[in-house]
Amino acid sequence: MANFKQLIKKIEAAESVHELKHYHQELFQLPNSPLLSHTPVTHIFSSLNHVHDLLMQRAIQIAEKELKSLNRGKCPEQWCFYLLGSAARSEQTIWTDQDNGILYLCSSEDAPQCKRYIDTLAVKITAYLHDIGYKYCPGNVMATNPRWTKEATQWIEAMTSHAQACSPDDIRYLYIAADLRPLYGDDTLIFHVQKQLYQLINGSPFTTSRMQTHTAVPKVPLNALGVVHGERWGEHSGEINIKTSLYVPLINSIKYLAIRHQITATSTLERLEALKNKGIITERIFKEIEEALITSLYFRLYSSLDKEDSANYIHFEKLSKQERKALKSAMKLAKHWQGKVFHWNGANQDE
């Protein structure tokens, strides 16, 4: 892991987007099959995501410094650039796109100028992140989308509307928002809106019911006989999408229970441990889910080595006998747990 430490020092001293792009490319060379064989996967993810955070923070600092000299609007009294998705959960692999937003506070009389400043900053930051190597989000979950960049009170109002409407897209937005983690700026803004978000969700039985229903997808492609079903057609025919087949079913189920029990941690492992500490799940269940989650992280990282465009896809039959056994066991647990959470009635989980 010494190479990670060396890279971190270089990133902290970087003065340009060009340097950051070079260091982002260096990051691709660090995780490899030998490292996966000899280092706990949780340690690799911790180091990998720390480097991702530093790269993005330096890009933001460069953008902020440049914007101050342009005289574009007025900097808000408080603002924070935050992350969503796997970045917020500190579960990014090597190849990752952008999932981010900005929250801010300013007086009503300064609102137009503050918005101009933040909108300009959002364009500059996301462009620099793209230049470094973080692709634009195909679903447009980025700071340049007004849905994810708002004055804090307006952001809560928008989330309240989603909670009241509860269409499939509204539920999806609530799940996305539940992962927000501060990366740069005033983090108290994020902690404040996260608390409000959890309260408004839990304050509506209809909303929590719809969110619980959402945990049933995507389905784990494992039948009653223990046969793993790969993609049926297309360029990945016969392969397994490890993200949708194992990882997402696990994290969404855990995220739902975390929201219901006001657990503000964003890392899935931290959420899982908090559920155990609150007595929501037993020690045995905690260990079983933890093992399945770590297995999903291992295969997500494994699938991303040296193949950006095919990240998340693996050939089940090309895995070793031990790997196939571990993956199938994790998928079986994920399918069982997904069903338990779907039917969860508030009682502690002990099966």
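The values are calculated or read from the model by the stated rules, or taken from the named source; none is laboratory data. What you are looking at is a predicted structure, and each value in this text was computed from that prediction instead of being measured. Here Cβ is always computed from backbone atoms with ideal geometry, including for glycine, and neighbour counts include all displayed protein chains.
Numbers below:
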| quantity | calculated |
| --- | --- |
| Enumeration of residues in the stretch 312-334 that are surrounded by fewer than 18 Cβ atoms within 10 Å (Cβ to Cβ) and not in a helix (DSSP H, G or I) | H315, L319, S320 |
| Selection within the stretch 203-223 - part of a helix (DSSP H, G or I) and either of a type in the set (K, R) or loosely packed, with under 15 Cβ neighbours inside 10 Å (or both) | P205, F206, S209, R210, T213 |
| Tally of residues being surrounded by fewer than 21 Cβ atoms within 10 Å (Cβ to Cβ) and assigned to a helix (DSSP H, G or I) across the stretch 61-74 | 7 |
| Where D53 falls short, out of the listed (1) more than 22 Å from the chain's Cα centre (by Cα); (2) of a type in the set (D, E); (3) part of a helix (DSSP H, G or I) | (1) |
| Odd one out for A265 among (1) within 25 Å of D53 (Cα to Cα); (2) in a helix (DSSP H, G or I); (3) in the same structural domain as F286 (by TED's automatic domain parsing) | (2) |
| Residue match in the stretch 273-295 (condition: surrounded by 14 or more Cβ atoms within 10 Å (Cβ to Cβ), farther than 18 Å from V228 by Cβ, in contact with a helix residue (DSSP H, G or I) (Cβ under 6 Å, 6 or more places away or on another chain) and at pLDDT below 95) | no |
| Any hit, the stretch 35-45, residues being touching a helix residue (DSSP H, G or I) at 6+ places or on another chain (Cβ under 9 Å) and free of Cβ contacts under 8 Å to residues at least 24 places away in the same chain | yes |
| Test: residue in the stretch 82-96 that is touching a Cys at 6+ places or on another chain (Cβ under 7 Å) and either modelled with pLDDT under 95 or farther than 25 Å from A14 by Cα (or both) | no |
| Cβ pairs under 6 Å, 6+ apart, first in the stretch 316-340 and touching a residue at least 24 places away in the same chain (Cβ under 8 Å), second small (G, A, S) and buried (at least 17 other Cβ atoms within 10 Å of the Cβ) | A330/A292; L333/A292; A334/A292; W337/S253; Q338/S253 |
| So E235, is it surrounded by fewer than 17 Cβ atoms within 10 Å (Cβ to Cβ), over 28 Å from G203 (Cα atoms), out of contact with any His (no Cβ under 6 Å at 6 or more places or on another chain) and not polar (S, T, N, Q) | yes |
| Elements of type strands (runs of 3 or more DSSP E) contained in the stretch 75-155, each with 1 or more residues being crowded, with 23+ Cβ neighbours inside 10 Å and of a type in the set (S, T, N, Q) | 100-105, 149-151 |
| Scope the stretch 156-180; condition farther than 18 Å from A88 by Cβ and assigned to a loop (DSSP other than H, G, I, E, B); matching residues | C166, S167 |
| Members of the stretch 105-162 found to be within 23 Å of S204 (Cβ to Cβ) and either not charged (D, E, K, R) or not assigned by TED's automatic domain parsing to the domain that holds L27 (or both), listed by number | W148, A152, T153, Q154, W155, I156, A158, M159, T160, S161, H162 |
| Residue under evaluation G226, criteria (1) part of a helix (DSSP H, G or I); (2) touching a helix residue (DSSP H, G or I) at 6+ places or on another chain (Cβ under 7 Å), criterion not met | (1) |
| Residue check for L48: over 25 Å from E151 (Cα atoms), more than 16 Å from the chain's Cα centre (by Cα) and in a helix (DSSP H, G or I) | no |
| Test result for L183, within 18 Å of the chain's Cα centre (by Cα), buried (at least 19 other Cβ atoms within 10 Å of the Cβ) and part of a strand (DSSP E or B) | yes |
